[in-house]
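Rule-based calculations on the coordinates, nothing more; no lab input. Being a predicted model, the structure only gives us computed values, none of them experimental. Cβ atoms come from the backbone with ideal geometry, glycine included; neighbour counts cover every protein chain shown.
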Ligand code: 5AD
Ligand code: SF4
């Protein structure tokens, strides 16, 4: 048994990252034959993409997918640790599964993803959730076939979570959720250690993939007809800093643009690592979408310092202004309210920054204490009701800007990548503008997967309505 260890998870060395290749034992390919799996994914795009790998590995093992948990022989939860409510959702699901297991003794239940990298969670699984069959972390995702085989064959709980710095593993199979848009990992882990954040512990050391491997994947996706790639990482702007080939995010963006894939997106950017050359490259290539997610977290330089964000409010604004100069640039952000020590004045600085930036979109959060992070030990905790009240005030202001940002698009025509059928059913199709705004409109099914011109006819806070041109 390997258990997660926060002391190990905190270590960062200059050691070179090892690149491994995915392998599966022939015997593991028989394990799931005749059995069904149900996979539930929580959290960010990174987890969604990991789930695409998990599905493919399970199917290599012979399992077939079911969308009905009651039909499943194997249930796997790919979990998220970022805030308390993510934890609660996964524990709630485990509660349901315990009941199911009471009547279905052979049901196999496993936990993976970020929660499995947490010391506290694994200790709880070992003591209070002894019926959970296996757990593995984010660092040894590629070992899934081995871990599940062992849990089934030995018929006892198998916990295999490593906290060492981690490798880069190439050639893990993937079952992509879309035939139009694809995620491409470019960098794993994070070395920023913002004081509130659990990610550097659960996702480990910053590890960039070799650019040759990334470009090969993008070229293959383009040849398969994919219209869009999203380059993924906790902090994509740090791409290449851990490699010694003098090749950074600006070079990668430029080379990905040169592949000619129609649309390129990238998330998430830390302001600290954003260079002027990156901005030039984004402006220069039409297939790099003019949409940047640039988390600010707070508008108070004092709080930013406590958060360990490495920039001041003024430095953020200066970067923001440079990006805004790119025509049609869409900038979204993340903001945390109620960080320990946040006063009413600090919060008002956040409101003032939001007013200045008029973000096109934002994810706003209440600070959630994550066990093992430095922010847990900070004094002057903000009472829950004050956090709630600040979140509501912030959202009221932000929503008004989202609406204004959408209203500016009224009566104009834009290129839209048609994603698929509209889920609300009110119009037949939906898709995304280059700036990442969602638009709903009527049109024939054959347009799915194509880039078409749509005129904006109605602006709402969260979406647009339009008409095919
Ligand atoms: N509490 C609240 N929000 C958090 N985030 C990260 N950690 C926490 C936390 N402990 C938010 C940040 C980050 C986004 C992905 O989640 O805003 O940018
Ligand atoms: Fe967390 Fe900060 Fe790394 Fe983002 S940059 S994943 S907020 S530590």
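Brief remarks follow.
- With the convex hull of the Cα atoms taken as the outline of the chain, the averaged projected area works out to 22.4 nm².
- The convex hull around the C-alpha trace of region 247-328, projected and averaged over every direction, spans 5.5 square nanometres.
- Dimensionless Rg/Rh of region 169-213 - Kirkwood Rh, Rg from C-alpha atoms: 1.07
- In region 384-469, inverting the average of 1/r over every pair of distinct C-alpha atoms gives 13.7 Å as the Kirkwood radius.
- Square roots of five times the Cα gyration tensor eigenvalues for region 89-182, Å: 24, 17, 14
- Here the average projected area of the convex hull drawn through the C-alpha atoms of region 321-425 stands at 10.1 nm².
- Projected onto their three principal axes, the Cα atoms of region 1-54 cover extents of 45, 29, 23 Å, largest first.
- Its Cα gyration tensor gives region 287-356 an equivalent ellipsoid, and the semi-axes of that ellipsoid, as √(5λ) in whole Å with the largest first, are 24, 11, 10.
- Exposure proxy shown here: for 12, 203, the number of other Cβ atoms within 10 Å sets the order, fewest to most, as 12, 203.
- Debye intensity ratio in log₁₀ form over the Cα atoms of region 1-146, taken at each q of 0.09, 0.17 Å⁻¹: -0.29, -1.03
- Normalised alpha carbon radius of gyration of region 243-395 [divisor 2.2 N^0.38 Å]: 1.16
- For the chain, calculated [θ]222 nm from helices alone, where every DSSP H run of n ≥ 4 adds -39500 (n - 2.57): -10000 deg cm²/dmol
- Among 375-382, 359-366, 142-149, 401-408, the order from most to least packed when residues are scored by Cβ within 10 Å on average: 142-149, 359-366, 401-408, 375-382
- Estimated D of region 364-422 in µm² per second, where Rh is the Kirkwood radius over Cα pairs and Stokes-Einstein applies at 37 °C, 0.692 mPa s: 212
- Compactness of region 150-266 is given as radius of gyration and Dmax, 16.5, 51 Å, from Cα positions.
- Whether region 43-120 is rounded, prolate or oblate, judged on the alpha carbon gyration tensor where a/c under 1.5 counts as rounded: oblate
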